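Colleague: Have a look at this one.
The values are calculated or read from the model by the stated rules, or taken from the named source; none is laboratory data. Treat the numbers as computed from the prediction; the structure is a model and nothing was measured. Ideal geometry is used to build each Cβ from the backbone, glycine not excepted, and the neighbour counts take in all protein chains shown. Calculation scope for accessible area: heavy atoms of the full protein, side chains included, ligands and nucleic acids excluded. Shrake-Rupley method; radii C 1.70, N 1.55, O 1.52, S 1.80 Å.
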Amino acid sequence: MAEPVRLQKAIAHAGLMSRRSAEEIIASGKVTVDGDTAVLGDRVDVENQVVMVSGTILPVNPANQTILLYKPVGVISTADDPQGRPTVVEIVGSETRLYPVGRLDSDSEGLILLSNDGLLTERVTHPRYGIRKKYFVELEGTVSRSSVRRLTEGVELEDGPAMALSAHVVDASGNRSQIEIVMGEGRKREVRRMMDVIGHPVLRLVRTAIGPIADPHLRPGEWRLLSTQEIANLFAEATPK
């Protein structure tokens, strides 16, 4: 653990502003540490605490890198695979050693983060921080409103109950239905197993958002760096439960 330093010194050292300006912005109430409003005289461990200055996360480590990737079907959400299958890390091909933030099943597609920022990874993946994931799901058969209601009321899986935070039908016609579902946790193949319980197997599953992060312009295999503001938004939404 790093030695705590005065907050205004940490802000100035990050290159955001002078120490005098840092003192003024702290006094104005626009700086938070782990979500709490900071005051002059506070000390901070910049390696293990989240400092926000006017909504922007303090860039305490310029070496940190976080990428948003649209994972194609058939790609594994790991850094490497003993079976030789393509991985998300190989798609990005970064010189920086990055790791998947959470998982997305091989037969699913959509958004996944890759990062070397351990604090960000913890905040996004640990259930206590409540980062929501949104999915577009195409299903077999015509889904009724009562079936969708079961998803938000909770269904029983072999490893315990599972419940969507929200779910609604986008389209239900013919032999296929489309729904949008928001989940607050990410157990293995959870969404697919929930759909099996209500009798509508998944034909296609796409993760469309990770908390406040979304990008409808990305196509399978495409990726981009997250902006400082997007990273700040992720931390802002990661509220301990």
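Colleague: Determine, yes or no, whether Leu120 is within 30 Å of Ile67 (Cα to Cα) and either open to solvent by 20 Å² or more (accessible area, probe 1.4 Å) or of a type in the set (A, V, I, L, M, F, W, C) (or both).
Modeller: Details: within 30 Å of Ile67 (Cα to Cα): yes; either open to solvent by 20 Å² or more (accessible area, probe 1.4 Å) or of a type in the set (A, V, I, L, M, F, W, C) (or both): yes.
So Leu120 fits the description; yes.
Colleague: For the condition within 18 Å of the chain's Cα centre (by Cα) and either without any contact (Cβ under 8 Å) to a residue 12 or more places away in the chain or more than 18 Å from Val101 (Cα to Cα) (or both), what is the one hit in Pro216, Pro212, Pro201? I'd like the intermediate steps shown before the answer.
Modeller: Numbers: Pro212 fails: either without any contact (Cβ under 8 Å) to a residue 12 or more places away in the chain or more than 18 Å from Val101 (Cα to Cα) (or both); Pro201 fails: within 18 Å of the chain's Cα centre (by Cα).
None of the other options fit; the residue is Pro216.
Colleague: Just to be sure before I move on: is Leu225 in contact (Cβ under 8 Å) with a residue 40 or more places away in the chain and either of a type in the set (Phe, Trp, Tyr) or open to solvent by 80 Å² or more (accessible area, probe 1.4 Å) (or both) in the structure I sent?
Modeller: On the way: in contact (Cβ under 8 Å) with a residue 40 or more places away in the chain: yes; either of a type in the set (Phe, Trp, Tyr) or open to solvent by 80 Å² or more (accessible area, probe 1.4 Å) (or both): yes.
The answer is yes for Leu225.
Colleague: Would you be able to tell me the number of residues in the range 35-52 that are assigned to a loop (DSSP other than H, G, I, E, B) and open to solvent by less than 70 Å² (accessible area, probe 1.4 Å)?
Modeller: Going residue by residue through the range 35-52, those that are assigned to a loop (DSSP other than H, G, I, E, B) are 35, 38-42, 45-50.
Those left that are additionally open to solvent by less than 70 Å² (accessible area, probe 1.4 Å): 35, 38, 41-42, 45-46, 49-50.
Total meeting the criteria: 8.
Colleague: Next up: Condition first: open to solvent by 80 Å² or more (accessible area, probe 1.4 Å), in a helix (DSSP H, G or I) and under 20 Å from Asn233 (Cβ atoms). Now tell me which residues in the range 123-178 satisfy that.
Modeller: Passing the criteria: Pro127, Arg128.
Colleague: Residues to consider are Val75, Val101; find the one that is more than 15 Å from the chain's Cα centre (by Cα), modelled with pLDDT of 85 or more and either open to solvent by less than 30 Å² (accessible area, probe 1.4 Å) or of a type in the set (Asp, Glu) (or both). Give the steps one after another, and end with the answer.
Modeller: Details: Val101 fails: more than 15 Å from the chain's Cα centre (by Cα).
When all the criteria are applied, what remains is Val75.
Colleague: One residue is enough: does the range 17-24 have a residue meeting the conditions assigned to a loop (DSSP other than H, G, I, E, B), open to solvent by 40 Å² or more (accessible area, probe 1.4 Å) and modelled with pLDDT of 85 or more? Full working, then the answer.
Modeller: Here is the first cut: in the range 17-24, the ones assigned to a loop (DSSP other than H, G, I, E, B) are 17-18.
From the residues that got through so far, the ones that are open to solvent by 40 Å² or more (accessible area, probe 1.4 Å) too are 17-18.
Adding the requirement that they be modelled with pLDDT of 85 or more leaves none.
The answer is no; no qualifying residue exists.
Colleague: Pairs only if they're at least six apart or on different chains, beta carbon under 6 angstrom, first in the range 72-92 and over 13 Å from Leu114 (Cβ atoms), second among the β-branched types (Val, Ile, Thr) and in a loop (DSSP other than H, G, I, E, B); list them, first residue then second.
Modeller: Qualifying pairs under 6 Å: Pro86/Val75.
Colleague: For Arg145, indicate whether it is at pLDDT 95 or above and farther than 26 Å from Gly84 by Cβ.
Modeller: Criteria not met by Arg145.
Colleague: Also, I was wondering about something else. Filter the range 179-190 down to the residues that are closer than 16 Å to Thr142 by Cα and open to solvent by 50 Å² or more (accessible area, probe 1.4 Å) and list them by number.
Modeller: Glu180
Colleague: Give just the number: which of (1) open to solvent by less than 30 Å² (accessible area, probe 1.4 Å); (2) in contact (Cβ under 8 Å) with a residue 60 or more places away in the chain does Thr56 not satisfy?
Modeller: (1)
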